[in-house]
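Quick notes on the structure that follows.
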Amino acid sequence: MKTLIAVLSLFFILPTLSQEMKTYKISISERTSIKQEYQEMELLRSDTRNLLIVKNQKKELLPLSEQDSLRIVAIMKSNDKDMKDEMLSLYRKSLAYEVDSIKINPENQVLEIADKFFNNRERLKKQATEHKDNRIILDGTIYQITVTDSKGVAYVSYAHSPSKESHPEIYELISSLGNTYTAHQIKK
């Protein structure tokens, strides 16, 4: 009897363990070249909850502490290019954002597009590194797309002004997330 129960429980437990959970995060950072505008979109996806978080950079900057201000002056006087990461970190402290979060219904098409993107993450990363973009872009928007699976493994891709022709999957994902955010803004 114990053997029968063990075998039956394997039939019910193994299929649930073998299915990959739909738990992942897709982060997209967008920076325009000339205007230096910055936006982040982050889709948190799981079987039970789906959330889109959008961060838009505000125009005004936050004041730095006296210590940070003095450090910036010291870095600028030293003219040391090796300190650019520290300078960038200090600059980021002064940025202010408007943050909006949106619960996404399981029926929303953006989840299907995001799932397809997640399932093809390795191929898309490889394609982004091997594919040489021969377009000439004078001014554009640079995207960094990071897909993180449930184990914390991250796949990072970059795209410069993606279009339907140059980066179809990235363009579709960015457009669908943007449309979801716009639709939410209209409802407010």
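Before moving on, here are some points about what is shown:
- Failed item, numbered, when Thr129 is tested on (1) modelled with pLDDT of 85 or more; (2) within 18 Å of the chain's Cα centre (by Cα); (3) open to solvent by 80 Å² or more (accessible area, probe 1.4 Å): (1)
- Here Ser157 meets each of (1) open to solvent by less than 70 Å² (accessible area, probe 1.4 Å); (2) farther than 13 Å from Ser29 by Cβ; (3) not in a loop (DSSP other than H, G, I, E, B) with one exception, condition (2).
- Restricting attention to region 169-188 and to residues that are modelled with pLDDT under 90, open to solvent by 50 Å² or more (accessible area, probe 1.4 Å) and not β-branched (Val, Ile, Thr), the residue that is farthest from Glu112 (Cα to Cα) turns out to be Lys188.
- Evaluation of Gly152 against (1) modelled with pLDDT under 90; (2) at positive phi (one fails), failing number: (1)
The values are calculated or read from the model by the stated rules, or taken from the named source; none is laboratory data. None of the values given here were measured: they were computed from a predicted structure. Here the Cβ is made from the backbone with ideal geometry for all residues, glycine too, and neighbour counts use every protein chain on show. Heads up: the accessible areas ignore ligands, DNA and RNA and are worked out on the full protein's heavy atoms, side chains in. Shrake-Rupley method; radii C 1.70, N 1.55, O 1.52, S 1.80 Å.
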